[in-house]
């Protein structure tokens, strides 16, 4: 009964979304207040109805209701409760219901907390958000109904993909969807501004919190996915340049560019056209990611579905929304004339450089991701574009961005003097170079990658500290530092996180030690200054799997460090094996052990890695997300705070 009510609520939400799309747009065009105000209760009602539908599906998974096809295909009665619940979105149909729930949730949030928005703009924003919901409600109800019942319910289910039965993967998709859908709000603001024909400083302030929230969620989601790949897949890496990984990374880059571009709109009323275009393209790349995951166009371990019919539907949504927005953008280009003028050396120019580097690097990733498909379709050639291409093509843009970041952050608006800013940063530069030289001297190998990564990371980190301290003034001191706005602290923390991540990636790549061998029980071997002893291998039974577990003793300088238990699990229901790496996490390094198959001579294949600075990668991501949260807490960037500084109707862009 609950699932039928959930299905009915989903249909009602679809109908409410249709009305929410049409009525406020007419009201805004005719200046009818009651019609415009209808968007607010409609957005809240749509969110409540979709929330009920999603809760009904969660209940079906939690109670193992095997009369539903989706539960049969993605759950099992023996599965732990966490993975029963996460199975709700660990499949195509459930994940799309989560997607549309978040669309509705963002719309309801804008309705509740956007009191300061001009009535016409708010009505159009909520109408556009509802239009996105309409498209995905139709997609779900026509091609991907999560409440489809089976004529005869089986005794048990087929289980969830074992790779998804992991805490990291339980929370990874929701955070990614919050990021993707957060960019839909930036898209809705952009289209609403184009319809009104006005983009001003207030609009720049309104769009920033939504973009910042999306960027924070994407940062957390990407970090969770990277961490999961590191410890779960057993290959020892943290980023594979997989098409679906790239599909989340491209919107992250464009969202970062949009954040910085919106600053210029807010402060100087410049880059209006470019900022609107970025908002459209960023959401467009989110839809492209959805298309890649669900169309079967590209093969990936992360893909949800391989259904061309669904892919065509999503492609139609992509073309309709992004194509329509670009046509409207072209028609309204004259209305977005920039006001603020600035010199070649200025904060504005630095942010333009930032945008160019982020946008071009995103398109480089896009080209590398889709080129194998294009080559096969147009030239009948099967190509593989992997890590060597992406590392060579993408890294230079990040190096230039890292070099320019501290300088650009401290340049004044309108015009500045590069020499003066460089002099302020002289101690940061000297300290960064000194650390890099010290590491170069101390390292046993003579690879330049580690020292260069440290130089760049330290330059960004120390530059952020100098920038933050410079905002206290000559007599401000620590007391003034503690009273700086959240946005200033947020920028410094986020830039520090980027610096830490860059150094960690370079250090891990340069100084990692790897060993692959056949080890016999009782045998001791040395890797990277550590001694490893395979004490034994035993069979272990889990709640819904069988495991071959090794006992590996780790020592350094004759002292016990840890006992690691790498596993090879077999899930009998899904008939699928998984590799569970055993990791000894430490501040400066990880010891990473993987057990393989038993050989004819009785030995076991073992892969052992010493991974320096691995945890710093995710620590840097946490700092970036934390910096975003600090900025989001700044009252100046809340929607209502921005709205109070603008006239009710907005300022014309002419």
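The values are calculated or read from the model by the stated rules, or taken from the named source; none is laboratory data. Since the structure is predicted, the reported quantities are computational estimates derived from the model, not experimental observations. As a convention, Cβ positions derive from the backbone with ideal geometry for all residues, glycine included, and neighbour counts pool all protein chains shown.
Observations on the model:
- Here 619, 627 are screened, and the one residue that is in a helix (DSSP H, G or I), under 24 Å from the mean Cα position of the chain (by Cα) and buried (at least 23 other Cβ atoms within 10 Å of the Cβ) is 627.
- Conditions (1) more than 30 Å from residue 343 (Cα to Cα); (2) under 27 Å from the mean Cα position of the chain (by Cα); (3) modelled with pLDDT of 95 or more: number failed by residue 450: (3)
- Taken over region 477-532, the residue count meeting the criterion of being over 30 Å from residue 562 (Cβ atoms) and assigned by TED's automatic domain parsing to the domain that holds residue 556 is 0.
- Residue match in region 583-595 (condition: farther than 29 Å from residue 447 by Cβ and either crowded, with 19+ Cβ neighbours inside 10 Å or out of contact with any helix residue (DSSP H, G or I) (no Cβ under 6 Å at 6 or more places or on another chain) (or both)): yes
- Qualifying positions in region 12-32 - part of a helix (DSSP H, G or I), out of contact with any helix residue (DSSP H, G or I) (no Cβ under 7 Å at 6 or more places or on another chain) and touching a residue at least 40 places away in the same chain (Cβ under 8 Å): 22
One line per residue, one yes/no per condition, for (1) surrounded by fewer than 17 Cβ atoms within 10 Å (Cβ to Cβ); (2) without any contact (Cβ under 8 Å) to a residue 60 or more places away in the chain; (3) in a strand (DSSP E or B):
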{"site": "532", "(1), (2), (3)": "no, no, yes"}
{"site": "538", "(1), (2), (3)": "yes, yes, yes"}
{"site": "548", "(1), (2), (3)": "no, yes, yes"}
{"site": "563", "(1), (2), (3)": "yes, yes, yes"}
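- For residue 412, the criteria (1) at pLDDT 90 or above; (2) part of a helix (DSSP H, G or I) hold in every case but one, which is (2).
- Flag for residue 186 being surrounded by 22 or more Cβ atoms within 10 Å (Cβ to Cβ) and without any contact (Cβ under 8 Å) to a residue 40 or more places away in the chain: no
- If only residues of region 112-126 that are under 26 Å from the mean Cα position of the chain (by Cα) and modelled with pLDDT of 95 or more are counted, the one that is surrounded by the fewest Cβ atoms within 10 Å (Cβ to Cβ) is 126.
- Hits in region 571-582 - residues which are more than 17 Å from residue 549 (Cβ to Cβ) and either in contact (Cβ under 8 Å) with a residue 12 or more places away in the chain or in contact with a helix residue (DSSP H, G or I) (Cβ under 8 Å, 6 or more places away or on another chain) (or both): 573, 574, 576
- From the options 270, 262, 247, 229, residue that is in contact (Cβ under 8 Å) with a residue 60 or more places away in the chain and either part of a helix (DSSP H, G or I) or not assigned by TED's automatic domain parsing to the domain that holds residue 325 (or both): 247
- Yes/no for residue 439 being in a helix (DSSP H, G or I), surrounded by 15 or more Cβ atoms within 10 Å (Cβ to Cβ) and at pLDDT below 95: yes
- Checking every residue in region 343-352 against the condition of being surrounded by 13 or more Cβ atoms within 10 Å (Cβ to Cβ), within 30 Å of residue 197 (Cα to Cα) and within 24 Å of the chain's Cα centre (by Cα) gives at least one match.
- Residue within region 175-196 that is in a helix (DSSP H, G or I) and over 23 Å from residue 213 (Cα atoms) present: yes
- Residue match in region 205-222 (condition: surrounded by fewer than 24 Cβ atoms within 10 Å (Cβ to Cβ) and not in a helix (DSSP H, G or I)): no
- Some residue of region 2-14 being closer than 20 Å to residue 141 by Cβ, surrounded by fewer than 20 Cβ atoms within 10 Å (Cβ to Cβ) and at pLDDT below 95: yes
- Scan region 459-499 for residues that are without any contact (Cβ under 8 Å) to a residue 60 or more places away in the chain and assigned to a helix (DSSP H, G or I) and the total you get is 16.
- Screening 202, 127, 193 for residues that are in the same structural domain as residue 42 (by TED's automatic domain parsing), over 30 Å from residue 1 (Cα atoms) and touching a helix residue (DSSP H, G or I) at 6+ places or on another chain (Cβ under 7 Å) leaves exactly one candidate, 127.
- Of all residues in region 415-434 being modelled with pLDDT under 95 and in a loop (DSSP other than H, G, I, E, B), the one that is farthest from residue 260 (Cα to Cα): 417
- Out of 313, 321, 283, 304, sole residue that is at pLDDT below 85 and out of contact with any strand residue (DSSP E or B) (no Cβ under 6 Å at 6 or more places or on another chain): 304
- Number of positions in region 326-342 that are over 21 Å from residue 279 (Cβ atoms) and surrounded by 14 or more Cβ atoms within 10 Å (Cβ to Cβ): 1
- Breaking point among (1) within 17 Å of residue 219 (Cβ to Cβ); (2) part of a strand (DSSP E or B), for residue 518: (1)
- Among the residues listed as 138, 130, 170, the single one being crowded, with 24+ Cβ neighbours inside 10 Å and touching a residue at least 12 places away in the same chain (Cβ under 8 Å): 130
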